[in-house]
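Report on the structure given below.
Please treat every number below as a calculation from the coordinates, not as lab data. What you see is a predicted model; the values in this text were computed from it and never measured. Note that each Cβ is placed from the backbone with ideal geometry, even for glycine, and that neighbours are counted across all protein chains shown.
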Amino acid sequence: MKTKIFRFLLYLIFLFGIYGTGALVIKEFSKGAICPKIFNIPACFIIIICLVVPFIYHLLRRGNIVYFVLTGLACSIAVYGSVFQLLGNVECPKTNEGVPMCYISLTIFTFLILLKILELKIIEKQKRVDI
């Protein structure tokens, strides 16, 4: 039962992140120069990949290494963006309310990582009980 709750929460967070980042990617394609660049690649492109691929792996219940590598990469990018946004060295795209999206990204990826860890711990605990 607990694993279903974690799976559902992860689905919601993924869909929220994909929706928000997807809108940003569309703006980047249509207007350009919306997202900060990492090695000349708009960060929102990297973030959308780091959302979609782990979401697919989560749906298929496979590839925890891929899940954690990509969510970890995106979380690292969000930490970098958030820290440098606070320092005034980077300008993250903002919501209509003026909230830097790197802060939202950091929150999303932190929750994706923590919830997945908790889900895996519960699954492991259930396996030990079943034996």
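Annotations for the structure displayed:
- Ordering of 7-15, 47-55, 84-92 by packing is 47-55, 7-15, 84-92, highest average first (other Cβ atoms within 10 Å, averaged per residue).
- Distance cut-off 17 Å, percentage of C-alpha pairs in the chain lying past it: 58 percent
- Shown is the FRET efficiency for Val69 and Val99, computed with R0 = 25 Å from the Cβ-Cβ distance and rounded to the nearest 0.05: 0.35.
- Non-local Lys pairs in the chain, i.e. 8 or more apart or on different chains, that have alpha carbons under 28 Å apart: 15
- Segment Leu118-Leu86, extension gain: residue separation times 0.36 nm, minus the distance between their alpha carbons: 8.5 nm
- Angle of helix 43-60 to the longest C-alpha principal axis of the chain, folded into 0 to 90 degrees and rounded to 10: 20°.
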